[in-house]
């Protein structure tokens, strides 16, 4: 099962390697990982998308908690968090399909951020499934390059945790 | 007053009560060794190889319960520590290993004797630190000792660049440690412990399965109280040996691959398995689906990741085993009547176990012609001091020691259980002897493992550490040979060590004493001579070359599928 895990870590030397090494060393999967500082300088926040059965997920969260630099781990079960991902997509856009690319971008409320006579670069933000959907439509038109951030997640509701 | 980093490091060690370190000098740690002159209270024992230095610190820690300290230089010095660190990590031994590093300005430049030891040791340390600024040094050392010894203990490495050792700052050792992400659960949840008491009292075929956590968590007295209150049988892992007296009628000895017939049968048939500070290693469980198939499982462990890692658990209790067992004993104290009727109701179970013991006791075929290794181990027990410390290497002799020595108190067996490191025994014995100069310390080795760190005989002689080394010599890498005999049609590929080494001359070359025994009737005399000779001694026993370690559960088989001694 797909899980989105949020990890608050001390902004220490090598902390990313510790987390990545834990996953590779114990044979856990990482589908995506995004990391950046929070509003506290000393703390960074990671969003990791992983998959596994209940026993594996329990081991993943326990092992993350065991790392000295990890302050907090939250395993968001389905529906308990809002997830957003951004993708930058460079699409072939010549004579006949230039308009079509723009129409698709419009439907997904994506923005064109770079234009050449032969291509459009589009920025799209949304849930991972929305990003999948626009890529599905753009692919037949000629997808030249793609970069995705991987999702970031935040819990639903009024309660927040600082850092 | 402002002090240099090297000086601060030693001041910190002094504040932590460190009296012995195992350090090997080199270019990037000269400053630290130079400062040693100002610290007469810290004794450095100079090993002949950094790996042995870390094993010695590990032996020191296992025997004494204190944090072991080793120091090595950057590059090759640091990489040589890795096997020692991984050994300690697998067996949860508290160590602080300090490595020198090239100056911070050169890090990443492929400088002379530079290696990314932080990267290399990340998966085999509990935590590691690169000190980039001398102002952080004291705080890091404080944290390192705290992390090493608390919760589930383990090795911590501090990488200290040369320029940080030279830089000066105001020295103040912090009073306390605060690490946001590190709060080990020490106290077991009382509700969970109460449930454990109820589960125990309603069991009819209980077995207590004890691991190294009871030794490391200083909970042997609490365990004994539990077992004796309930009259419940106890089996231990290799790491758990010594935590429960093996001469007690309640002891089932070792379980697992080379466990006793009766321990493995009891675990297979039990209806409740109480795991205390054990981690369900594959050498213990055999085939998981057939492991304790009828049992509910209670698992007490200070490390939550050990729980439900390998087996399903019905009742997890996270906490230090000493705390959990103390609470459990208190609950049982309040329920005397229930305990009384429990004792009556498990009598048929104890009788069944006695039946297994009678049917297949631990034994071996004695011989008047050739020395049986098990006979040597029994003689060692008979002739050694009751509080003797035994260190082993890894292989057949290790299992014979585990099976036949009869351990009765914790911290008397030092053995590489998790990583299975050949070459561990001799330096570990060296470390234990440094911790306890007055106690008898014996290293039991095979001829293979002994040769992996035999240079440490020099360290023993130089530092007047009177370790008695017993080499069970079969001119084979015996455990691998045993597997080749059983599973590879006796094709002894590369396990025959057919060079006859003169162990007496070898000992003498280092200034130690050597004895050798070739016949069974020479064994006792050799041990007596060895024990009564001052200083380090090597005793060689030319043993039955093809003797096997039995019983044996083949890898991947279930525990009740044992190859038994005929």
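Could you tell me the relative contact order of chain B? Use alpha-carbon pairs under 8 Å, at least six residues apart, and round to a whole percent.
Value for chain B: 14 percent.
Ranked by Cβ crowding within 10 angstrom, fewest neighbours first, how are B:268, A:47, B:104, A:116 ordered?
Listed from fewest to most nearby Cβ atoms, that is A:116, B:104, B:268, A:47.
Tell me the angle of helix A:98-107 to the major Cα principal axis of chain A, expressed in degrees between 0 and 90 and rounded to the nearest ten.
40 degrees
Using only Cα atoms, tell me the angle between helix A:128-142 and the longest principal axis of chain A; keep it within 0 to 90° and round to the nearest 10.
Helix A:128-142 sits roughly 30 degrees off the main axis of chain A.
In which sequence would A:161, B:483, B:356 go, from the one with the fewest C-beta neighbours within 10 Å to the one with the most?
If I rank by nearby Cβ atoms, fewest first, I get A:161, B:483, B:356.
Once a ≥ b ≥ c are taken as the square roots of the eigenvalues of the Cα gyration tensor of chain B, is the result rounded (a/c under 1.5), prolate (a/b larger than b/c) or oblate (a/b not larger than b/c)?
oblate
Determine the shielding of peptide A:56-67 by partner chains: average, over its residues, the number of Cβ atoms on other chains within 10 angstrom of each Cβ.
Working: counts 0, 0, 5, 5, 1, 2, 8, 3, 2, 5, 9, 4.
Mean number of neighbouring Cβ atoms from other chains: 4.
If one takes the longest principal axis of the Cα atoms in chain A, at what angle in degrees, from 0 to 90 and to the nearest 10, does the Cα axis of helix A:54-66 lie?
The helix A:54-66 is inclined about 70 degrees to chain A.
For the protein assembly as shown, what is the calculated [θ] at 222 nm in deg cm²/dmol (nearest 500), taking -39500 (n - 2.57) for each run of four or more DSSP H residues and dividing by its residue count?
Result for the protein assembly as shown: -11000 deg cm²/dmol, rounded to the nearest 500.
Counting alpha carbon pairs within less than 8 Å and at least 6 residues apart, what relative contact order, in whole percent, applies to segment B:389-452? List each step's numbers first, then the result.
On the way: 108 pairs, mean separation 31.4, N = 64.
The normalised contact order for segment B:389-452 reaches 49 percent.
Arrange A:154, B:147, B:543 by Cβ neighbour counts within 10 Å, fewest through most, would you?
Values: A:154 15, B:147 25, B:543 30.
Ranked by crowding around the Cβ, least crowded first: A:154, B:147, B:543.
Any chance you could check the Cα centroid distance between segment B:29-52 and segment A:39-92 for me, in angstrom?
44 Å
Could you check the spin-label model distance between residue A:32 and residue A:143? Points 7 Å from the Cα along Cα→Cβ, value in nm.
1.2 nm
Find the relative contact order for chain A and round it to a whole percent, using C-alpha pairs within less than 8 Å whose residues are 6+ positions apart.
About 27 percent, as a whole number.
Among A:31-38, B:232-239, B:423-430, how do they line up from the highest to the lowest mean number of other beta-carbon atoms within 10 Å?
Ranking the peptides A:31-38, B:232-239, B:423-430 by packing returns B:423-430, B:232-239, A:31-38.
Please report the antiparallel percentage of DSSP beta bridges with both residues in chain B, rounded to the nearest 5.
Taking every DSSP beta bridge within chain B, about 5 percent pair in antiparallel fashion.
Give me the tail of P(r) for segment B:4-127 as a percent: Cα-Cα pairs with distance above 23 Å.
Beyond 23 Å sits 27 percent of the P(r) for segment B:4-127.
Grab the beta carbon distance between residue B:488 and residue B:105, set R0 = 56 Å, and tell me the FRET efficiency rounded to 0.05.
Values: r = 54 Å, r/R0 = 0.96.
So the FRET efficiency works out to roughly 0.55.
Throughout, read-outs are computed from the coordinates displayed, never taken from laboratory work. Please read all numbers here as calculations on a predicted model, not as lab measurements. Reconstructed Cβ throughout: ideal geometry from the backbone, glycine too, with neighbour counts over all protein chains shown.
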